[in-house]
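Only one structure is covered here, and it is reproduced in the block below.
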Amino acid sequence: MLSNSSKPTFVRRPASELEARLREPRRFIQVVAGPRQVGKTTLVQQVLDRLDAPVRYASADEPSLRGSEWIAQQWEAARLQAGDGPAVLALDEVQKIPGWSEAVKRLWDEDTRARRALQVVILGSAPLLVQRGLAESLTGRFEVIRLGHWAFDEMREAFGFSLDQYLYFGGYPGAAPLTGEPGRWARYVIDSLIETTISRDVLLLTRVDKPVLLRRVSELGSRYSGQVLSYTKMLGQLQEAGNATTLAHYLDLLATAGLIEGLPKFAGQAVRQRGSSPKLQVLNTALLTASSGLSFDEARADRTFWGRVVESAIGAHLANAAAVGGFELFYWRERNREVDFVTRSGRLTTAIEVKSGRSPDTLPGMDAFSAAFKPGRTLLVGGDGIALDEFLSRPATHWVG
């Protein structure tokens, strides 16, 4: 396990892309968006430290309420720092400010007309909430750099994670130094990551009529990751008044916050996909293991549970990549035949089966799917197929793009 003093310096790959854009002549607002605790602030500060222009960084993620006038104050201070030359203004957690996009549009357009060279970087925890503000007011004025959860190769390089450590502890860099204290690690994930994301990135920014039900959906999704549950069965498990539309909406909110997604069934027809029972999928395996109550050794010894962890890790790797764009992600099931994941990238359909142990000689689910849909590619991950560490070490688009 890692020691509490482990504090490696690691620069994620998107940093070079952001730095290159900020060194160009002023063209667009740069938006860095992603779930909570994936290193957005650290990445931006690493880039800002390498620039030779004046920099102003300010965060709206504070207890005191802030209005759009705060943005104007920070903007004016950055203008003064810039003088007649270039400068960079970075605004963190900007989606917490009501009317932020209108204020940014007004100030950006003022600078455009005045030919000021001020570059602007916006950071936000909830991609969809940031995206709404961008679409409402800033059309044509921004580029987005999306950060997902940390992949296996990143956690291995930054913290020395083995494959099994990554499968169990997942891709939260802030939690990595706590892996030597399992109880403390689990409470950090549940209290500081899951609950903070729900309370500060969802409930404060979106209308939620049943906040207790939203939290229960989050717990259910973590506990049943990798399993297909109808909305009727979910309502029975939750023992809460509600309907399928409400549950589907709450799963969408949890997905945009980087927690849990409900994968639709692949049917070749969009109308059937939308009406299908979802396959619950955590976007970081720490959500599954921290809520399980099982220690690292207990989880590895439980073959059934460990199989779900392995499948959830592959699903999270695919789902995080799909969220950035490039392909769609589904599952498939007919009666007792199932394919764990199905991706669609343009005209290429890829069927993926995951095995945590040696695979059987035949895969009836894959055979049935291939007969029905004739996928362009079929993959077996784990067992006698592609090694788990190899699959997780490469971008998902390498396999399904």
Problem set entry | In range of the label at Ser230: residues from the range 317-341 whose backbone nitrogen is under 20 Å from the point 7 Å along Cα→Cβ | 331-339
Seminar exercise, completed: Dividing the mean separation of Cα pairs under 8 Å (6+ apart) by the residue count of the range 8-86 yields a relative contact order in percent of 30 percent
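How much length, in nm to one decimal, is gained on full extension between Ser345 and Glu328, taken as 0.36 nm per residue of separation minus their Cα-Cα distance?
5.5 nm
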For this session: Can you tell me how much longer the chain between Ser16 and Asp384 gets when fully stretched, taken as 0.36 nm per residue apart minus their C-alpha distance, in nm with one decimal?
Result: 128.8 nm
For this session: Let me have the relative contact order for the chain, percent, based on Cα pairs under 8 Å that are six or more residues apart.
Result: 14 percent
For this session: Quick one: which residues, 5+ away or cross-chain, put their amide H under 5 Å from the amide H of Ile260? H built at 1.01 Å from N.
Result: Ala255, Leu283
Seminar exercise, completed: With only helices counted (DSSP H, runs n ≥ 4, each -39500 (n - 2.57)), the per-residue ellipticity at 222 nm for the chain, to the nearest 500, works out to -13000 deg cm²/dmol
Problem set entry | J(HN,Hα) series, the range 212-219, from Karplus relation 6.51 cos²θ - 1.76 cosθ + 1.60, nearest Hz, glycine and proline x | 5, 5, 4, 5, 5, 4, 4, 4
For this session: Please count, across the chain, the pairs of lysine residues with Cα atoms under 17 Å apart that sit 8 or more places apart or on different chains.
Result: 7
For this session: Could you tell me which of Pro177, Val381, Ala323 has its Cα farthest along the dipole of the chain towards the positive end, charges placed at Cβ (Lys, Arg +1; Asp, Glu -1), taken about the Cα centre?
Result: Ala323
Exercise. Given H placed on each backbone N at 1.01 Å, which residues far from Arg377 in sequence or on other chains put an amide H within less than 5 Å of it?
Worked result: Thr349, Ala351
For this session: Averaging sequence separations of C-alpha pairs under 8 Å and six or more residues apart, then dividing by the length of the range 14-146, give the relative contact order as a whole percent.
Result: 38 percent
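Name the trypsin sites (Lys or Arg not before Pro) in the range 311-401 that are in a loop by DSSP and that have at most 10 other C-beta atoms within 10 Å, would you?
Arg335, Arg347, Arg358
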Exercise. Using 7 Å Cα-to-Cβ label points, what is the Arg337/Glu143 separation (nm, one decimal)?
Worked result: 4.7 nm
Exercise. If you plug each phi of the range 175-185 into the Karplus form 6.51 cos²θ - 1.76 cosθ + 1.60 with θ = phi - 60°, what whole-Hz ³J(HN,Hα) values come out, in order, with x for Gly and Pro?
Worked result: 8, 4, x, 9, 5, x, 10, x, x, 5, 4
Exercise. With θ set to phi - 60° and the Karplus curve 6.51 cos²θ - 1.76 cosθ + 1.60, what are the ³J(HN,Hα) couplings of the range 157-164 in order, to the nearest whole Hz, using x for Gly and Pro?
Worked result: 6, 7, 10, x, 5, 7, 4, 5
Exercise. Non-local amide H neighbours of Ile145 (under 5 Å, H modeled in plane, Pro and chain starts lacking H): which ones?
Worked result: Val31, Val32, Ala33
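FYI, it's all coordinate maths here, none of it is from the lab. Model, not experiment: these values are computed from the prediction. Every residue, glycine among them, receives a Cβ derived from its backbone with ideal geometry; neighbour counts consider all protein chains shown.
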